[in-house]
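Colleague: This is the structure, below, for whatever I ask next.
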């Protein structure tokens, strides 16, 4: 029989209320919510091959956190995984990888890393323009 069932079968409402209070006090005294990431926070600048821009910001797709036992917060390990060979074109919101948070080798939270903006594939005109500006900048120095 579960603890909730025992509480709900108390003989009076005062007994049920007291037992529920003890249960809540235990929870608040021994556990806390640990937030790992907020939606839209920048994790890392990610290189993009064959793109007009050389990189894109990898941001968290959603909020990430977990309810854990107090004192265990420092034992949580963050693991970051990116897709291999990220190349243009990239759409805003496209998945670039994911972050996992582990506690004692168990995954306690997972969050996707997405592109903060779109990156177009480079074309011949943009490539020529880039070479021209690099050449011009070399002449100035």
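Colleague: Does region 68-86 contain at least one residue that is over 17 Å from the mean Cα position of the chain (by Cα), modelled with pLDDT under 95, loosely packed, with under 12 Cβ neighbours inside 10 Å and under 30 Å from residue 120 (Cα atoms)?
Modeller: yes
Colleague: Cβ-Cβ distance below 8 Å, separation of 6 or more or different chains: which pairs start in region 16-31 with a residue that is at positive phi and in a helix (DSSP H, G or I) and end on one that is loosely packed, with under 11 Cβ neighbours inside 10 Å and modelled with pLDDT under 90?
Modeller: none
Colleague: Continuing with this model, one more query. State yes or no: is residue 99 under 25 Å from residue 35 (Cβ atoms), in contact (Cβ under 8 Å) with a residue 12 or more places away in the chain and surrounded by 16 or more Cβ atoms within 10 Å (Cβ to Cβ)?
Modeller: Yes.
The values are calculated or read from the model by the stated rules, or taken from the named source; none is laboratory data. Every value quoted in this text rests on a predicted model; they were computed, and no experiment measured them. Using ideal geometry, Cβ is built from the backbone for each residue, glycine included, and neighbour counts are taken over all protein chains shown.
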